[in-house]
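Below: the structure, in structure tokens.
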2 protein chains.
Amino acid sequence: MARTREFDLDAAVNAAMDVFRSKGYEGTSMRDLSEATGLGSGSIYAAFGSKDGLYLAVLDLYRQRYAAPMVDLLRSGRDPRAVIREVFIGTVDDITGDGRHLACLIVGASMERAHQDVRVAERLRSTTQSLESALYDLLAEAQLRGRISTDRSATDLAGFLVTSLQGLRVMGAINPDREALTRYAEVALTCLD
Amino acid sequence: MARTREFDLDAAVNAAMDVFRSKGYEGTSMRDLSEATGLGSGSIYAAFGSKDGLYLAVLDLYRQRYAAPMVDLLRSGRDPRAVIREVFIGTVDDITGDGRHLACLIVGASMERAHQDVRVAERLRSTTQSLESALYDLLAEAQLRGRISTDRSATDLAGFLVTSLQGLRVMGAINPDREALTRYAEVALTCLD
DNA sequence: GCGGTACTTTGTCGATCGTTCCAGATAGCG
DNA sequence: CGCTATCTGGAACGATCGACAAAGTACCGC
């Protein structure tokens, strides 16, 4: 072996994520990424191959950092209504949390990149799918125990809840009003009754 | 006076809209716009001033062509549940209609442009606001007549419904499954019960 | 401590970006 | 019918794009 990598790869991906979230994919230049990560463009190309490669790495980190914990929470075995509510509140917090107005990478990627890059599309489908199936398992179990309505199939309810989460992201981008978003989330949750 | 404008301004904006919807704002070049509209860049700059100017014109046309008819339908005085269902079905149709996978300009603009251009942000807020208030009027009236649930305020219900519509757009971009989207829409509508 | 190797930096590549300008074409007015 | 104001398409602008190659640097095994 030889010289070791000097920078923290994860930290670089993390910095790149903020840029992509605030400027979008096309709106972000390699120069932006260089400044944000503190790396020369050569290092970026050595580590990720291309701008696309870095974007995919960002997408994977986003999934690992935000989507995976949500799935874990849903599969924690706690009260179904409570954990679902927690997921919704957490999402609203994430949207309105800091003043930086960082868009959701998933929604942004869905709009801007999904139709251009099949690898992006795959990751998006996989991410929403894992969230949906975690919700499905939780809801199906809860229906068996009579804890939530059986008017609708667990499949439909799970898909609807994910749809609502995506909708909250969009609404939050247009008007980041925490109270309003929370009330919309509450309405969505009444579909479980 | 002298020579009159030869091309149809509305047709040009319409063609530009398709490009922006499929490539996003940053992903669209003036070259793309020239080819789509059939105009030289000189004519575009003479008519719209800049790429931003054309984008704003596209946004206005989108609002006039898609949002306004929705509002009209909601205000047509017909049965509340029926017209709301029609709006949702129409949205699902629009998402899955043609195979061109044209993203929703509103959602795309929310993600990509709202934080960069205040004029875009204003138009987005105004568009969702007019949809929301049309829904509000319809729902408030329906609540008075006991046609829908009064568990939630008409304000919250209206906001929730718009949120659901946005969510459907995102889900449709990830996976344009007409039947699934329709079922998610149905679940959203049960919140009126 | 030395050679080799992997990583970082820097400078630059052709292409393309949004924009501007100009020469030619064209339609209305006297 | 000629004049001229306006429109048109395309050439050309400087800037910046993503990408890359070469040179410099720090670390490892020996």
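The values are calculated or read from the model by the stated rules, or taken from the named source; none is laboratory data. A quick note: this is a predicted structure, and the numbers were derived from the prediction, not measured. Here the Cβ is made from the backbone with ideal geometry for all residues, glycine too, and neighbour counts use every protein chain on show.
Observations on the model:
- Of all residues making up region B:124-135, the number that are away from every other protein chain (no Cβ under 12 Å) and surrounded by 20 or more Cβ atoms within 10 Å (Cβ to Cβ): 2
- Residues (in contact with an Asp or Glu (Cβ under 9 Å, 6 or more places away or on another chain), crowded, with 20+ Cβ neighbours inside 10 Å and either of a type in the set (V, I, T) or closer than 21 Å to B:R123 by Cβ (or both)) located in region A:181-193: A:V187
- Complete set of residues in region B:87-108 that are of a type in the set (S, T, Y) and either closer than 19 Å to B:Q64 by Cβ or not in a helix (DSSP H, G or I) (or both): B:T91
- Among the residues making up region B:109-123, a single one is more than 8 Å from chain A (Cβ to nearest Cβ), part of a loop (DSSP other than H, G, I, E, B) and over 17 Å from B:R21 (Cα atoms): B:D117.
- Which numbered condition B:A154 fails, given (1) in contact (Cβ under 8 Å) with a residue 12 or more places away in the chain; (2) surrounded by fewer than 16 Cβ atoms within 10 Å (Cβ to Cβ); (3) of a type in the set (G, A, S): (2)
- Residue match in region B:67-80 (condition: among the polar types (S, T, N, Q), away from DNA strand D (no atom under 16 Å from the Cβ) and either closer than 30 Å to B:T190 by Cβ or within 14 Å of chain A (Cβ to nearest Cβ) (or both)): yes
- Subset of region B:124-160 (residues that are among the acidic types (D, E) and either within 18 Å of B:L73 (Cα to Cα) or not in a loop (DSSP other than H, G, I, E, B) (or both)): B:E132, B:D137, B:E141, B:D156
- Residue under evaluation A:R75, criteria (1) among the basic types (K, R); (2) within 16 Å of DNA strand C (Cβ to nearest atom); (3) in contact with a Leu (Cβ under 8 Å, 6 or more places away or on another chain), criterion not met: (2)
- Condition check for A:S29: within 16 Å of DNA strand C (Cβ to nearest atom), within 14 Å of chain B (Cβ to nearest Cβ), surrounded by fewer than 19 Cβ atoms within 10 Å (Cβ to Cβ) and not charged (D, E, K, R): yes
- Residues of region B:70-86 satisfying the condition of being outside any helix (DSSP H, G or I) and on the phi < 0 side of the Ramachandran plot: B:R75, B:S76, B:R78, B:D79
- Out of B:D10, B:D18, B:D52, one residue alone is away from DNA strand C (no atom under 14 Å from the Cβ), within 14 Å of chain A (Cβ to nearest Cβ) and out of contact with any strand residue (DSSP E or B) (no Cβ under 9 Å at 6 or more places or on another chain). It is B:D18.
- For region B:81-100, filtered to residues that are modelled with pLDDT under 95 and loosely packed, with under 15 Cβ neighbours inside 10 Å, the residue that is nearest to the other protein chains (Cβ to nearest Cβ) is B:R100.
- Number of the condition not met by B:R63 [criteria: (1) within 10 Å of the chain's Cα centre (by Cα); (2) farther than 26 Å from A:Q116 by Cα]: (2)
- Single residue of region B:104-122 satisfying the filter (in contact with a Phe, Trp or Tyr (Cβ under 9 Å, 6 or more places away or on another chain) and among the aliphatic types (A, V, I, L, M)) that is nearest to B:L54 (Cα to Cα): B:V120
- Condition met for B:D32 (away from DNA strand D (no atom under 16 Å from the Cβ) and of a type outside the set (G, A, S)): no
- Residues (more than 8 Å from chain B (Cβ to nearest Cβ) and aliphatic (A, V, I, L, M)) located in region A:146-180: A:I148, A:A154, A:A158, A:L161
- Some residue of region B:3-19 being within 30 Å of B:V187 (Cα to Cα) and away from DNA strand D (no atom under 16 Å from the Cβ): no
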